[in-house]
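Asker: Just passing along the structure, written as structure tokens.
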């Protein structure tokens, strides 16, 4: 059995850790409220852009456009969104596992990291890294999404990239965050979800389909990237809040256990002292 001094020292250490986890939980709670509001405000725009492009393509036939066909390079770009800090449960590791299990060979993949945790993890595993946008995740702005989309679209147009994927964590609620990996380019639509009305009504382009898609699809890609950035910030703070809440509860249980051990050790010490005193008194008499 550990000594009373060891138990007391360990209890003090856990108490200090509990104060830290409790403070981190409160900070994450405040940040989550702001991040969730931004994510919820931007989501209708991202959804509307997705539905707009879907409607355009499902009502069009025989379109031959650069954003609708894979290139010949074989390289697949993955925008990987994680965090710059840890202590968020499985938030970062879930994304790395998702990408590694995507079925895309390592030698065909180029990672565009947003978040140092994911960047470092994938670098250690030998994945090719492109431009690092880790600082963007601290305070995402729409212009950041524009910069990222422009670089990727430029690579796609030059044939350096054949496909573009987005790996991020979708914010469902405070305790539930879902890792997702979606294909941005080439734009594809699931015909099973297209209504008969969309298939019948034709789409007319003005001035022409080339110019319309050149304008709409970059905005579509940018809006999805920006929406994912905001959802990631909310998901990160939600995951950290949940993790710190669990850590605080675990610390409380450990403190209770150590308090019980300390009381038992103290009672045992008192009992031993009384026994020695009584034995000494009997020996004298």
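The numbers here are math on the coordinates, done by the rules we state, and not lab data. Predicted model only: the values in this text are computed from it and were never measured. With ideal geometry, Cβ positions are generated from the backbone for all residues, glycine too; neighbour counts draw on all protein chains shown.
Asker: Please build a GNM for the chain, connecting alpha carbons under 10 Å apart, and tell me which residue among 218, 105, 140 fluctuates the most.
Answerer: For the chain, modelled as a Gaussian network with Cα springs under 10 Å, the answer is 105.
Asker: Of all DSSP beta bridges in the chain, what percent run antiparallel (nearest 5)?
Answerer: Roughly 40 percent of the beta bridges in the chain run antiparallel, per DSSP.
Asker: Give me the tail of P(r) for the range 66-192 as a percent: Cα-Cα pairs with distance above 24 Å.
Answerer: Summing the P(r) tail past 24 Å for the range 66-192 gives 27 percent.
Asker: OK, next. How big is the chain by Rg and Dmax over its Cα atoms, in Å?
Answerer: 28.2, 116
Asker: Going 7 Å from the Cα of residue 284 toward and past its Cβ, which residues in the range 262-278 have a backbone nitrogen under 12 Å from where you end up?
Answerer: Under cut-off, by backbone N: 277-278.
Asker: If you take the beta carbon distance between residue 15 and residue 131 as r and set R0 to 51 Å, what does 1/(1 + (r/R0)^6) give as a FRET efficiency, to the nearest 0.05? If you can, show how the numbers build up before the last one.
Answerer: Values: r = 44 Å, r/R0 = 0.87.
Calculated value: 0.70.
Asker: Treating the angle as unsigned and between 0 and 90°, give the value, to the nearest 10°, between the Cα long axis of helix 142-158 and the longest Cα principal axis of the chain.
Answerer: Helix 142-158 sits at roughly 50 degrees to that axis.
Asker: Cα axis of helix 91-100 to longest principal axis of the chain: angle in degrees, 0 to 90, nearest 10?
Answerer: Compared with the principal axis, the helix lies near 50 degrees.
Asker: So, one more: Taking the simple approach of a point 7 Å from Cα along Cα-to-Cβ for both residue 63 and residue 142, what is their distance in nm?
Answerer: Calculated label separation equals 2.3 nm.
Asker: Expressed as a whole number of Å, what is the distance separating the alpha-carbon centroids of the range 126-189 and the range 219-252?
Answerer: Cα centroid to Cα centroid, the span is 16 Å.
Asker: Further, regarding this structure: Using a Gaussian network model on the chain with a 10 Å cutoff between Cα atoms, which of 20, 110, 95 fluctuates the most?
Answerer: The residue with the greatest mean-square fluctuation here is 20.
Asker: If you average the sequence gap of Cα pairs under 8 Å that are 6 or more apart and divide by the length of the chain, what percent do you get for the contact order?
Answerer: Once divided by the residue count of the chain, the mean separation gives 32 percent.
Asker: If I take R0 = 25 Å and measure r between the Cβ atoms of residue 85 and residue 263 in this structure, what FRET efficiency does the formula 1/(1 + (r/R0)^6) give, to the nearest 0.05? Let's see the in-between values first.
Answerer: Numbers: r = 38 Å, r/R0 = 1.53.
It comes out at approximately 0.05.
Asker: Residue 212 versus residue 55, label points 7 Å from Cα toward the beta carbon: distance in nm?
Answerer: Spacing of the two 7 Å Cα→Cβ label points: 1.2 nm.
Asker: Another question about this same structure. As I understand it, the value is the acute angle between the Cα axis of helix 209-284 and the longest principal axis of the Cα atoms of the chain; what does it come to in degrees, rounded to 10?
Answerer: Approximately 10 degrees, to the nearest ten.
Asker: Given points 7 Å out from each Cα along the Cα-Cβ axis, report the residue 38 to residue 205 separation in nanometres with one decimal.
Answerer: Taking the simple label geometry, residue 38 and residue 205 are separated by 3.6 nm.
Asker: Quick one: among 134, 55, 42, which has the greatest mean-square fluctuation in a GNM of the chain with alpha-carbon springs under 10 angstrom?
Answerer: Top of the fluctuation ranking is 55.
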